[in-house]
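Throughout, read-outs are computed from the coordinates displayed, never taken from laboratory work. Computed from a predicted model, the values in this text were never measured in an experiment. Positions of Cβ are generated from backbone atoms using ideal geometry, with glycine treated the same way; all protein chains shown enter the neighbour counts.
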Amino acid sequence: MKKSGVNQGQSQSASELISKRIANLGDWRGKTLSRMRKLIKEAVPDVVEEWKWMGTPIWSKDGIITTGESYKDKVKLTFAKGAFLKDPTRLFNSSLEGNLRRAIDIGEKEEIDESAFKALVREAVALNGEKKSKPAKKAAVTPAKKAATKPAKKAAAKPAKKATAKPAKKAKR
C-alpha cells in the first residue's frame, strides 16, 4: 500500500494519523472505521491513504475513492463520484439527492455487506482511472458544404401566388 507523503510541518504520515484517529475514537466508531479501512485495503491493495481538510481520512487511487468521517451517531463513508457508481445492493443510504457524491452511513449496530462494499470500492477506482476522452470538435460547416451534404429536395408543385395590386396611398397636400 502506498502512503501519502508527510505534509510540511507534520511529523506523522497519513496512515499513522488515521490509525491514531481510530485509536482515539476508542468505541464502536473506531472499530467500524478500522473495519472499513481494512476492506478498502483488501479491495485495492495499493490504495493511497491521505489526511486532508483538517483531519479527514481519505482513500484514493487516481483520485479520491472515499472519505471516512466519524460522528457521534455514525461513521460516514462518502464516495466522491458515488452518483456514477452502480449500487445494486443499495449500500448508499445518504447524500442521495446530489449529482456527484453518495455516502454510506453506518450506525452502531449496523453491518455492511463486505463483498458488495469491496465491489463498490473497486468500481470507484475503475471510474477514477477512466480517461475522459473529450469529443472531437466539429469542423466548421460552410453553407457550400452544408448544401453539398444535404439531399436535394424535390420541387413541390405549389400554386403561384396571385399578385394583388394594393391601392396607392393618397398624397397629403
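For the range 32-54, which positions are in a helix (DSSP H, G or I) and touching a helix residue (DSSP H, G or I) at 6+ places or on another chain (Cβ under 8 Å)?
If the condition is that a residue be in a helix (DSSP H, G or I) and touching a helix residue (DSSP H, G or I) at 6+ places or on another chain (Cβ under 8 Å), then Leu33, Ser34, Met36, Arg37, Leu39, Ile40, Glu42, Ala43 are the ones that fit.
Scan the range 25-83 for residues that are surrounded by 19 or more Cβ atoms within 10 Å (Cβ to Cβ) and of a type in the set (Phe, Trp, Tyr) and report the count.
The qualifying residues number 3.
Going by what's in this entry, would Leu91 be described as out of contact with any strand residue (DSSP E or B) (no Cβ under 6 Å at 6 or more places or on another chain), more than 24 Å from Ser15 (Cβ to Cβ), among the aliphatic types (A, V, I, L, M) and in a loop (DSSP other than H, G, I, E, B)?
For Leu91, the condition - out of contact with any strand residue (DSSP E or B) (no Cβ under 6 Å at 6 or more places or on another chain), more than 24 Å from Ser15 (Cβ to Cβ), among the aliphatic types (A, V, I, L, M) and in a loop (DSSP other than H, G, I, E, B) - is not met.
State all residues of the range 60-76 that are more than 13 Å from Lys118 (Cα to Cα) and assigned to a strand (DSSP E or B); if no residue qualifies, say none.
Step one: of the range 60-76, the residues more than 13 Å from Lys118 (Cα to Cα) are 60-64, 67-76.
Answer for the range 60-76, where residues must be more than 13 Å from Lys118 (Cα to Cα) and assigned to a strand (DSSP E or B): Ser60, Ile64, Thr67, Gly68, Glu69, Ser70, Val75, Lys76.
Okay, residues lined up against (1) farther than 24 Å from Glu130 by Cβ; (2) touching a residue at least 60 places away in the same chain (Cβ under 8 Å); (3) in contact with a Leu (Cβ under 7 Å, 6 or more places away or on another chain); (4) aromatic (Phe, Trp, Tyr):
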site: Leu17; (1), (2), (3), (4): yes, no, no, no
site: Lys74; (1), (2), (3), (4): yes, no, no, no
site: Leu77; (1), (2), (3), (4): no, no, no, no
site: Lys86; (1), (2), (3), (4): no, no, no, no
site: Asp105; (1), (2), (3), (4): yes, no, no, no
site: Glu108; (1), (2), (3), (4): yes, yes, no, no
